[in-house]
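Taking it in order: structure first as structure tokens, then the write-up.
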Amino acid sequence: MIEKLLQENIQEFIRQHANDDEQKLLLRQQTIFDVPASAIAWQIAGRRKAKIKIPLYYNTVNIVYPPGVNLEQSSSEQTAAFKASVLSEQSSATSSLIDLTGGFGIDSYFFSKKFDRVTYVEPNSELLDHAKHNHAELGSKNIRHLNSTAEEFLESLTEAVDCFYIDPSRRSSSNTKVFKLSDCEPNVITLLPGIFKRANYLMIKAAPLLDVQQALRELIFVKHVWVVSVSNEVKELLLLCKKDYKEQATITAVNLESSQPPFTFQLADEQKTQALFSNPLAYLYEPNGSILKAGAFKSVAEKFALSKLHANTHLYTSDALINDFPGRIFKTEALLKADAKAVASYFPDRKVNVITRNYPLSPDELKKKLKLQDGGEQYLIACSGEKQKFLIAAGRLK
């Protein structure tokens, strides 16, 4: 099929119809130049997704794409480059890496830029063919492709390697979403003994919905955890395990495509830190998504000398402006009463950006109650304090 998709008339058709609705295309035609329309439709859809998710692939000629679910589950270009960089920095050697769940091959490609030899392991032969072809088009010469399950490959492996990488599927055999590592396929928990017989390092990519503390309970030898956001949307949870590592894991929250520095802490420090509380002061702060996902609720307050509004309201406040805070910063303009007339007197055009945090109403419910519409430059932040609830008129500084 790859050879047929690479025909110049097919490639030209894919380029010309890049913005077409592929579902309508399937309704109109069964074949296009003797190639099944379904195969061309998923090329159009895959190329469209790649334009944003993996621009390197989009900008390289003759790249072929797998069905949508495989591309959906693959890493983005930014996250793949990040994990290759930190894994090569953390490991004691970079001669060999084995990707036990090769998939579409994005991670394997970026690992090949940091490691001398990469072995890509994938049980789906069609997906392997796509990845192998694309790696060749991208100029990679140090990736070996093997059609095997992770379990079968580990059983047959006799040589020592520097690092393993695994990205278990978050779908069960019945195609339902799962998040615990022990429920994923392959089950990385059962593979750990075999992995650490052959290597000192393992990096695991987990679902962004997986609880960090749950992951630490399931795993052994965890040295470092990265909670990775792209433009403040949490995308990946990365766990680096080092054989026989006994110390406490370090957790780093990273927001890629931003100028914010990483935020690093340990759970023991978070647990012993005492938060200070205050009503809203001159400035309000909301940490980026990766910090909140990492659970650094008190650590971030301590580092930047901030007070919290409430134990379960992850908004922070101060009288002095903290410009380098890793998240959104607002200037408090007024505290308003929670009735439509009081709010209308402050926002006469009734247009405002509404945010609710630890508040009984959702943004839409609050807008309906106060007769507000989205828009404008100002913000209305509804939240709970230690002793009362607040409606805060604010302007965003960052």
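The values are calculated or read from the model by the stated rules, or taken from the named source; none is laboratory data. All values reported here derive from a predicted model rather than from experimental measurement. A quick note on method: Cβ atoms are made from the backbone with ideal geometry, for glycine too, and the neighbour counts reach across all protein chains shown.
Out of VAL354, VAL343, I need the residue that is over 29 Å from the mean Cα position of the chain (by Cα), over 23 Å from GLN271 (Cα atoms) and not assigned by TED's automatic domain parsing to the domain that holds VAL228. Which one? Reasoning before the result, please.
Details: VAL354 fails: over 29 Å from the mean Cα position of the chain (by Cα).
Step by step, each of VAL354, VAL343 is checked, and only VAL343 is over 29 Å from the mean Cα position of the chain (by Cα), over 23 Å from GLN271 (Cα atoms) and not assigned by TED's automatic domain parsing to the domain that holds VAL228.
Can you confirm whether PRO348 is surrounded by 17 or more Cβ atoms within 10 Å (Cβ to Cβ) and either closer than 21 Å to GLY395 by Cβ or free of Cβ contacts under 8 Å to residues at least 24 places away in the same chain (or both)?
Numbers: surrounded by 17 or more Cβ atoms within 10 Å (Cβ to Cβ): no; either closer than 21 Å to GLY395 by Cβ or free of Cβ contacts under 8 Å to residues at least 24 places away in the same chain (or both): yes.
Taking the combined requirement at face value, the residue does not satisfy it.
From (1) of a type outside the set (Ser, Thr, Tyr); (2) free of Cβ contacts under 8 Å to residues at least 40 places away in the same chain; (3) crowded, with 20+ Cβ neighbours inside 10 Å, pick out the condition that doesn't hold for ALA150.
Looking at each condition in turn, ALA150 falls short on (2).
What's the number of the only condition in (1) crowded, with 19+ Cβ neighbours inside 10 Å; (2) not in a loop (DSSP other than H, G, I, E, B) that GLY102 fails to meet?
(2)
Given (1) closer than 23 Å to ASN232 by Cβ; (2) at pLDDT 95 or above, identify the lone condition not met by LEU335.
(1)
If a residue has to be out of contact with any strand residue (DSSP E or B) (no Cβ under 8 Å at 6 or more places or on another chain) and hydroxyl-bearing (Ser, Thr, Tyr) to count, how many in region 356-398 make the cut?
0
Those residues that are modelled with pLDDT under 85, among the charged types (D, E, K, R) and touching a helix residue (DSSP H, G or I) at 6+ places or on another chain (Cβ under 8 Å), I need them from region 13-27; list them, please.
Matches in region 13-27: GLU22 only.
Quick check on my filter: what residues within region 289-314 are within 21 Å of ALA382 (Cβ to Cβ) and either hydrophobic (A, V, I, L, M, F, W, C) or under 22 Å from the mean Cα position of the chain (by Cα) (or both)?
Step one: filter region 289-314 for residues within 21 Å of ALA382 (Cβ to Cβ), giving 289, 292, 297, 301, 306-314.
Result: GLY289, LEU292, PHE297, ALA301, LEU306, LEU309, ALA311, HIS314.
Looking at LEU210, LEU202, LEU240, can you tell me which residue is assigned by TED's automatic domain parsing to the domain that holds LEU87 and in a loop (DSSP other than H, G, I, E, B)? Full working, then the answer.
Numbers: LEU202 fails: in a loop (DSSP other than H, G, I, E, B); LEU240 fails: in a loop (DSSP other than H, G, I, E, B).
Every option except LEU210 fails the conditions.
Restricting to region 47-67, and then to whatever is of a type outside the set (A, V, I, L, M) and part of a helix (DSSP H, G or I), can you tell me which residue is nearest to LYS113 (Cα to Cα)? Walk me through how you get there before you give the answer.
Of region 47-67, the ones of a type outside the set (A, V, I, L, M) are 47-49, 51, 53, 55, 57-60, 62, 65-67.
Now drop any that are not part of a helix (DSSP H, G or I), which leaves 47-49, 51, 53, 55, 57-58.
On the way: ARG47: 23, ARG48: 25, LYS49: 23, LYS51: 21, LYS53: 19, PRO55: 17, TYR57: 15, TYR58: 19 Å.
Only one residue fits best here, namely TYR57.
Has region 192-208 got at least one residue that is under 25 Å from the mean Cα position of the chain (by Cα), within 27 Å of HIS314 (Cα to Cα) and touching a residue at least 40 places away in the same chain (Cβ under 8 Å)?
Yes, region 192-208 contains a residue that is under 25 Å from the mean Cα position of the chain (by Cα), within 27 Å of HIS314 (Cα to Cα) and touching a residue at least 40 places away in the same chain (Cβ under 8 Å).
Just one of ILE44, ILE32, ILE63 is among the β-branched types (Val, Ile, Thr), surrounded by 12 or more Cβ atoms within 10 Å (Cβ to Cβ), under 32 Å from the mean Cα position of the chain (by Cα) and more than 23 Å from THR79 (Cα to Cα); which is it?
Numbers: ILE32 fails: under 32 Å from the mean Cα position of the chain (by Cα); ILE63 fails: more than 23 Å from THR79 (Cα to Cα).
That would be ILE44, the only listed residue that is among the β-branched types (Val, Ile, Thr), surrounded by 12 or more Cβ atoms within 10 Å (Cβ to Cβ), under 32 Å from the mean Cα position of the chain (by Cα) and more than 23 Å from THR79 (Cα to Cα).
Taking region 362-397, which residues are surrounded by fewer than 16 Cβ atoms within 10 Å (Cβ to Cβ), under 17 Å from THR313 (Cβ atoms) and either of a type in the set (Ser, Thr, Tyr) or within 29 Å of the chain's Cα centre (by Cα) (or both)?
The one that is surrounded by fewer than 16 Cβ atoms within 10 Å (Cβ to Cβ), under 17 Å from THR313 (Cβ atoms) and either of a type in the set (Ser, Thr, Tyr) or within 29 Å of the chain's Cα centre (by Cα) (or both): SER362.
Here is a yes/no grid of residues against (1) touching a strand residue (DSSP E or B) at 6+ places or on another chain (Cβ under 6 Å); (2) under 27 Å from VAL64 (Cα atoms); (3) of a type outside the set (Gly, Ala, Ser):
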position	(1), (2), (3)
PHE115	yes, yes, yes
GLU122	no, yes, yes
ILE143	yes, yes, yes
LEU146	yes, yes, yes
PRO193	no, no, yes
LEU202	yes, no, yes
ALA207	no, yes, no
GLU218	no, no, yes
VAL222	yes, no, yes
